[in-house]
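The values are calculated or read from the model by the stated rules, or taken from the named source; none is laboratory data. As the structure is a prediction and not an experimental result, all values here were calculated from the model. Cβ placement follows ideal geometry from the backbone for every residue including glycine, while neighbour counts extend to all protein chains displayed. Calculation scope for accessible area: heavy atoms of the full protein, side chains included, ligands and nucleic acids excluded. Shrake-Rupley method; radii C 1.70, N 1.55, O 1.52, S 1.80 Å.
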Amino acid sequence: MMELNAGKENYSFPKGGNVEFERLDTQHELWLATIDGIYPPEFKSKVERMMKESKAPAILDVGCGSAIWSIQMAIHFPQASVVGLDLTLLKPRDHPSNFSFKIHNLADGLPSEYGNKFDIIHCRTVVQHMTDPQGLVNSMAGALKPGGLLLFADVKLVGYGSNRERLTPAAYNPSLSLGENLKEQDGHSWHAGWVAALGSISLSPSYQPPNILVQKCKGLAQLNFFEYWVPSGSMRDDDDQRTRQVAKHATEDLRNLYGSTSAMFAQKLSQVPEQFREALRERGLKELMSTKYHNQFWYVVATKA
């Protein structure tokens, strides 16, 4: 076990604990509903062929969180060795014998012994929190076998409305009084303000969308880039069943995340008055539950050159 380099680690969300692991399990269900599977179905035959033809099939889940994705992959592919890697110790949960877990600080890249070791590497909503996002992508490319697959997913932390229009976030203006800031801001969204505040404390300043990070990595080729508009909040009468199902998972995930941001905001946004921070959370959640919103999800599948 390597020593954690907390000074380089940029992850602002809660680290471990039953509440956080349950939130990550819910988020996993959202991704399953969004992309229609544990990975994009367009690559089902390729993944199955790789697992069948590889002499020693191996899968790595980078920043595995609750490890639900990697455990499901281990169940699907019992012939493969599946490794979950994360900063926080994994809670006890049932898993097959071909799954293992290693604690590791991703700010240091992947362990050196992982070079050219894995057929598939999965990384979901992790890279955006790294001090050096490009460095982690390059490190994952180095850990893939030639021809191996990188499955790389992220979320754009911007609030969008019912018609996918970009919303103007409510934001604290220090030139105004607290009372003036707390007035309803015409044309501004408290939910979008909460999303923007979350992004301001959790996104790496050097982060770029996953397709750009992959394109800049010399070790990766054959880019496949998917964009998904994920609904949340109050649905309209004309929304179909699938939209409602995805929105149900997305709304639950956001509600859980709203519940965990009070301490995060207090620590990272201490220059903003507490009353305004709480208004972002309380009014933002109220808006979410009464209005239809969207988030943009990104998914990249790339091949090791």
Could you give each residue of the range 229-238 its phi-based ³J(HN,Hα) in whole Hz, using Karplus coefficients 6.51, -1.76, 1.60 with θ = phi - 60°, and x for Gly or Pro?
9, 9, x, 8, x, 8, 7, 8, 4, 8
Just to check I understand the Karplus step: with θ = phi - 60° and J = 6.51 cos²θ - 1.76 cosθ + 1.60, what whole-Hz values come out for the range 294-305, glycine and proline as x?
9, 10, 9, 9, 10, 9, 10, 10, 10, 10, 5, 5
Estimated FRET transfer efficiency (Arg242, Ser206; beta-carbon r; R0 25 Å; 0.05)
0.10
In the range 184-259, the GluC sites (Glu not before Pro) that sit in a DSSP loop and have at most 13 other Cβ atoms within 10 Å of their own Cβ are Glu184
So if I average 1/r over every pair of distinct C-alpha atoms in the chain and take the inverse, what Kirkwood radius in Å does that give?
20.3 Å
At 0.36 nm per residue, minus the direct Cα-Cα distance, what do His76 and Asp186 gain on full extension? Give it in nm, one decimal, please.
34.5 nm
Please list Glu20, Glu48, Glu42 in order of solvent-accessible area, largest first, computed with a 1.4 Å probe with all protein chains present.
Glu42, Glu48, Glu20
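By how many nm would the segment from Glu113 to Val158 grow when fully extended, if each residue of separation counts as 0.36 nm and the alpha-carbon distance is taken off?
Values: separation 45, 0.36 × 45 = 16.20 nm, distance 3.73 nm.
Result: 12.5 nm gained on full extension.
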Normalise the Debye intensity by I(0) for the range 38-91, one equal point scatterer per Cα, no solvent, then take log10 at q = 0.17, 0.18, 0.31, 0.32 Å⁻¹ and round to two decimals.
-0.55, -0.60, -1.26, -1.29
Computed ³J(HN,Hα) along the range 272-279: with the Karplus parameters 6.51/-1.76/1.60, θ = phi - 60°, integer Hz and x for glycine or proline, the list is 9, x, 4, 4, 6, 4, 5, 5
Taking the solvent-accessible surface of protein heavy atoms with a 1.4 Å probe, what is the per residue accessible area of the range 148-305 in Å²?
48 Å²
Do me a favour and compute the ellipsoid semi-axes for the range 188-257 from its Cα gyration tensor, root of five times each eigenvalue, largest one first, whole Å.
29, 20, 9
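Quickly estimate the mean residue ellipticity at 222 nm for the chain, helices only: each DSSP H run with n ≥ 4 gives -39500 (n - 2.57), and the total goes over all residues, rounded to 500.
Working: 9 runs with 117 residues, N = 305.
About -12000 deg cm²/dmol.
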With the range 220-305 reduced to its Cα atoms and the Debye formula applied, log10 I(q)/I(0) at q = 0.23, 0.24 1/Å amounts to -1.04, -1.09
Sites Asn173 and Ala266 - FRET efficiency at Förster radius 22 Å, r taken between beta-carbons, to 0.05:
0.65
